[in-house]
């Protein structure tokens, strides 16, 4: 299990391949991947870039707690969580969650659990820089189970 | 006894500082810590709080050398 907070751009597919090659010896029949990417719009406005702030130490601790809770709930072999901080541009990867398990059910369910828990408990905050030169903090995350 | 306080994101910007220190000699809750450092500012209604990097309720009692943090709802992912 690994959690990483990246200050620079990362390539999610390379992260998955590197982690799998280094850490997972076999036994997995299912791998699920979630990648969150920065949009160039939000709430009806064009977004030029974003600053992602975090609480160093607590962020990693909460991400580890989330992965541990997923491991208690589902039979998974391994999980990788990577999250970006700092200045982010449209189309950049913000978050990667990969889960390996013997069967697809646990891989899908654990992955969904991790991203939804991250969205509500991992201390990250986004500040959007709009194309109008205004800047604003994102006030809250939507509930992923009810949002479109 | 001393408590270190940290503020993040929009709350840090609104207060105009990222840290405070509070000295105390009696039992204090997390909420009390806020008012010791921000006597003129009500505790924001949606504020989240942590002690030593674990989420806590606002009525949790703090200990010497704790790091208390206050921040708005998280928006990562």
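Which of the residues belonging to the stretch A:75-123 are surrounded by fewer than 17 Cβ atoms within 10 Å (Cβ to Cβ) and either in a strand (DSSP E or B) or at pLDDT below 95 (or both)?
If the condition is that a residue be surrounded by fewer than 17 Cβ atoms within 10 Å (Cβ to Cβ) and either in a strand (DSSP E or B) or at pLDDT below 95 (or both), then A:86, A:87 are the ones that fit.
Please state which one of A:126, A:140, A:61 is farther than 30 Å from residue A:22 by Cβ and modelled with pLDDT of 95 or more.
None of the other options fit; the residue is A:126.
One line per residue, one yes/no per condition, for (1) out of contact with any helix residue (DSSP H, G or I) (no Cβ under 7 Å at 6 or more places or on another chain); (2) at positive phi:
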| position | (1), (2) |
| --- | --- |
| A:7 | yes, no |
| A:12 | yes, no |
| A:25 | yes, no |
| A:71 | yes, no |
| A:77 | yes, no |
| A:86 | yes, yes |
| A:97 | no, no |
| A:104 | yes, no |
| A:112 | yes, no |
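Assuming residue A:63 fulfils every condition listed in (1) within 14 Å of chain B (Cβ to nearest Cβ); (2) surrounded by fewer than 23 Cβ atoms within 10 Å (Cβ to Cβ); (3) assigned to a helix (DSSP H, G or I) apart from one, which condition is it?
Unmet condition: (2).
Looking at residue A:26, is it modelled with pLDDT under 95, over 30 Å from residue A:136 (Cα atoms) and surrounded by fewer than 19 Cβ atoms within 10 Å (Cβ to Cβ)?
yes
I'm trying to understand the selection: among the residues of the stretch A:129-148, which are more than 7 Å from chain B (Cβ to nearest Cβ) and within 18 Å of the chain's Cα centre (by Cα)?
A:142, A:143, A:144, A:145, A:147
The values are calculated or read from the model by the stated rules, or taken from the named source; none is laboratory data. Everything numeric here is computed off the predicted structure, so don't read it as measured data. All Cβ positions, even for glycine, are placed from backbone atoms using ideal geometry, and neighbour counts span all protein chains on display.
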